[in-house]
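S.K.: Pasting in a structure now, in structure tokens, and then I'll have a few things to ask.
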Amino acid sequence: MAVTYSQADVALTEIASGINQNSNGLVSAKQQISSAVSNLAAMPTRYAEVLAAIDAAAAAMPTDTAYKNMKARKDKLVADFTALKATAQAMLDALTGI
């Protein structure tokens, strides 16, 4: 099937638009990853006081089930946070210079 000049021109415009749209999407994705790294980096300072208070309360009242459970939950969240922070940083590192 023969392609007319105008059909080819429209196709090239669509290709350029697709390239531009995907390029913008990649820039946005990198910015979102960078923002996540910054937000995650700020969390330890933001929550240091309450995390220390949970640890202290659990240590001071080792038989208190509520604080024991809260400390266990906190410990699991810290593990999840640590893994996510490492993943986010690795993603940003991989994109640096691209």
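Please treat every number below as a calculation from the coordinates, not as lab data. Since we're looking at a predicted model, the values are computed, not measured. Cβ atoms come from the backbone with ideal geometry, glycine included; neighbour counts cover every protein chain shown.
S.K.: For the chain, take the longest principal axis of its alpha carbons; what is the angle in degrees between that and the long axis of helix 65-95, to the nearest 10 within 0 to 90?
M.R.: 30
S.K.: Can you quote the Å³ per residue value for the convex hull of the Cα atoms in the chain, rounded to an integer? Mind dumping the intermediate values first?
M.R.: Details: hull volume 14.1 nm³, N = 98.
Cα-based convex hull of the chain, divided per residue, equals 144 Å³.
S.K.: Here is a follow-up. Quick check on the chain: helices-only [θ] at 222 nm, where DSSP H runs of length 4 and up contribute -39,500 (n - 2.57) each and the sum goes over total residues. Nearest 500, please. All intermediate terms of the calculation are to be shown ahead of the outcome.
M.R.: Numbers: 2 runs with 87 residues, N = 98.
Dividing the helical sum by the residues of the chain leaves -33000 deg cm²/dmol.
S.K.: Taking neighbour counts of Cβ atoms within 10 Å as a proxy for exposure, in what order, fewest first, do Tyr67, Tyr5 appear?
M.R.: By the 10 Å Cβ count, ascending: Tyr5, Tyr67.
S.K.: Give me a comma-separated list of calculated 3J(HN,Hα) values for segment 30-36, in order, Karplus coefficients 6.51, -1.76, 1.60 applied at θ = phi - 60°, integers in Hz, x for any Gly or Pro.
M.R.: Per residue, the Karplus-derived 3J(HN,Hα) values read 4, 5, 5, 5, 4, 5, 4 Hz.
S.K.: Want the number for Ala41 to Leu77: 0.36 nm per residue separation, take away the alpha-carbon distance, what's left?
M.R.: 11.5 nm
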